[in-house]
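First up is the structure itself, then whatever we jot down about it.
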Amino acid sequence: MKYILLVLSALSILLSMMLFPRVHFSIGFQLHLALSIIAFIYALFWKNIPRKVHITLGLLCLIPLCFVLFLAIYGNVSNADYTEDVVIVLGAGIHGETVSRPLARRLDTALEHWRENPDTYIITTGGLGERARITEAEAMARYLIARGVPESQILQENYSTSTYENLLFAKEILDEHFPNGFTATVVTSDFHIFRAVRTARSVGIDPTRTGAETDWYMWPASYLREMLSIANFWFFPNGSSD
């Protein structure tokens, strides 16, 4: 077990170093790197640590692992029926005027939904980020238009800074656009679906869900960060967690 942990933690540290130039130094990335280093040091001193400590830590690790498994399954099982009036796409950061890879995956998932039901509307969400020259919503709209979605079927929510605001402000726009009510599916990254659906319900939307695939090398940072965000959401449902 010592050598397995040593190899896995070393590979995890290497992955963090490889990703560092390409990703934002988020809390998820920091946690991934910190836990990898701690695991590596733990493996080095494996023989000096009492067996009871090994067993206790092993059992404690089962809790987050089970939670991650739940989030992954929930986020990758869509219940959208493609009859929804609108697809709500949650923002995920842009660089200048270009959507990030995670955001492109969300938009591609929304495109698949739209191609199944060309009458549906798509609402893009997200304000002006730190590394952006235009709002996330505008960059997302440009991406969709370039791939065939008519501009008339895209609505933009350009002011939000968090998941809660994404959905709250989107609902305000959709209530005006659909005065008789609407049905919706929420599109976001698979790890984020659980919290997104519950946030949507908290602002008065009861959506179906459609998860976008997350690149494997982003799993550790994404799921670690999401578990913290869910804990924050449970204690502060209308807080600033993104």
**Message:** Per DSSP helix of 4 or more residues, -39500 (n - 2.57); summed, then divided by the residues of the chain. What does that give at 222 nm, rounded to the nearest 500?
**Reply:** -18000 deg cm²/dmol
**Asked** How large is log10 I(q)/I(0) at q = 0.28 Å⁻¹ when the Debye formula is applied to the Cα atoms of the stretch 2-75, each weighted equally and without solvent?
**Response** -1.21
**Among Gly211, Asn232, Phe191 - extreme Cα towards positive end, dipole of the stretch 159-242, charges at beta-carbon** = Asn232
**Prompt:** So how tilted is helix 219-235 from the main axis of the chain? Cα-based, degrees 0 to 90, rounded to 10.
**Reply:** 70
**Fill in**
So for the stretch 86-235, using the alpha carbon gyration tensor with a ≥ b ≥ c as root eigenvalues (a/c under 1.5 gives rounded; past that, a/b versus b/c decides prolate or oblate), I'd call it rounded
**Asked** Hey, if you put +1 on the Cβ of every Lys and Arg and -1 on every Asp and Glu Cβ in the chain, which of Gln30, Leu128, Thr56 ends up farthest toward the positive end of that dipole?
**Response** Thr56
**Complete:** So the angle from the long Cα axis of helix 163-177 to the longest Cα principal axis of the chain, reported in degrees to the nearest 10, equals 10
**Asked** Taking the alpha-carbon set of the stretch 30-129, what are its Rg and Dmax in Å?
**Response** 21.1, 65
**Prompt:** If you rank Arg106, Arg115 by fewest surrounding Cβ atoms within 10 Å, what's the result?
**Reply:** Arg115, Arg106
**Fill in**
If every Lys and Arg gets +1 and every Asp and Glu gets -1 at its Cβ, then about the Cα centre the chain yields a dipole, in debye to the nearest 20, of 1560
**Crossing angle, helix 101-116 versus the chain [Cα axis fit, 0-90 degrees, rounded to tens]** = 40
**Message:** I need the shape label for the stretch 170-242. Rule: rounded when a/c is under 1.5, else prolate if a/b > b/c, else oblate, with a, b, c from the alpha carbon gyration tensor.
**Reply:** oblate
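Bear in mind these aren't lab numbers, they're just calculated from the coordinates by the rules spelled out. Since the structure is predicted, the reported quantities are computational estimates derived from the model, not experimental observations. We place every Cβ from the backbone using ideal geometry, glycine too, and count neighbours over all the protein chains shown.
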